[in-house]
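Here's the structure we're looking at; comments come further down.
The values are calculated or read from the model by the stated rules, or taken from the named source; none is laboratory data. A quick note: this is a predicted structure, and the numbers were derived from the prediction, not measured. Because the Cβ atoms are built from the backbone with ideal geometry, glycine has one as well, and the counts that use them run over all protein chains shown. SASA here: full protein model, heavy atoms, side chains in, ligands and nucleic acids out. Shrake-Rupley method; radii C 1.70, N 1.55, O 1.52, S 1.80 Å.
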Amino acid sequence: QVQLVESGGGLVQPGGSLRLSCKASGTIIRSLRMSWYRQAPGKQRELVAQMTGGGSTYYLDSVKGRFTISRDNAKNTLNLQMNSLKPDDTAVYYCNLNIGLDYWGLGTQVTVSS
């Protein structure tokens, strides 16, 4: 049974940084496409960053140059380094794995506020 557990969210001031992690169990993520999504109050869930099995990456335009997605194969973990955070980055961040079926974590809250 695949499970994804996010961690690392919190309250940070504008310009600050956070590092999100998504620990996977029940499957090996090394060669799989994995993604980070976010959902702000009253808005649709949106794709923030994605890494293919081959290591190619995609970023939402508004986070390019500030966020970095990475994978730690030894820990079977997907990470999202978020720098220069803005209030518009406030959302619940979700880890996603699609292997025919969509698997989601429960999410971790990121709040950017002074």
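Laid out as a table, the results:
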{"quantity": "Over the chain - Rg/Rh using Cα atoms and the Kirkwood inverse-distance radius", "calculated": "0.95"}
{"quantity": "Selection from Gln109, Pro14, Ala49 lying farthest towards where the dipole of the chain points positive, charges on Cβ", "calculated": "Ala49"}
{"quantity": "1.4 Å probe accessible area per residue over the chain, in Å²", "calculated": "53 Å²"}
{"quantity": "Cα-based Rg of region 1-48 normalised by 2.2 N^0.38 Å, two decimals", "calculated": "1.39"}
{"quantity": "Virtual paramagnetic centre 7 Å along Cα→Cβ of Arg45, amide N under 12 Å, in region 96-114", "calculated": "96-98, 102-108"}
{"quantity": "Within the chain, longest stretch free of exposed trypsin sites (Lys or Arg not before Pro) [DSSP loop, at most 13 other beta carbons within 10 Å]", "calculated": "65-114"}
{"quantity": "Phi to ³J(HN,Hα) by Karplus 6.51 cos²θ - 1.76 cosθ + 1.60 over region 65-74, Hz, x for Gly, Pro", "calculated": "x, 10, 10, 9, 9, 8, 10, 9, 5, 5"}
{"quantity": "Given charges at beta-carbon only (K, R positive; D, E negative), |dipole| of the chain in Debye", "calculated": "180 debye"}
{"quantity": "Dipole magnitude of region 12-54 about its Cα centre (Cβ charges: Lys, Arg +1; Asp, Glu -1), debye to nearest 20", "calculated": "60 debye"}
{"quantity": "Vicinal HN-Hα couplings computed from phi for region 36-48 (Karplus, 6.51 cos²θ - 1.76 cosθ + 1.60; Hz; Gly/Pro x)", "calculated": "10, 10, 9, 9, 8, x, x, 10, 6, 5, 10, 6, 9"}
{"quantity": "Contact order normalised by residue count of the chain, Cα under 8 Å, 6+ apart, percent", "calculated": "37 percent"}
{"quantity": "Pair Tyr58, Val5: separation of 7 Å Cα→Cβ label points (nm)", "calculated": "2.9 nm"}
{"quantity": "Aspartates and glutamates whose Cα lies under 14 Å from that of Lys43, excluding same-chain neighbours fewer than 8 positions away", "calculated": "Asp88, Asp89"}
{"quantity": "Those aspartates and glutamates that a straight Cα-Cα span of less than 19 Å connects to Lys75, excepting residues fewer than 8 apart in one chain", "calculated": "Glu6"}
{"quantity": "Extension gain from Asn83 to Leu106, taking 0.36 nm per residue of separation minus the Cα-Cα distance", "calculated": "6.0 nm"}
{"quantity": "Accessible surface of the chain, 1.4 Å probe, proportion on carbon and sulfur as whole %", "calculated": "47 percent"}
{"quantity": "log₁₀ of I(q)/I(0) at q = 0.24 Å⁻¹ - region 37-87, Debye sum with one point per alpha carbon", "calculated": "-1.01"}
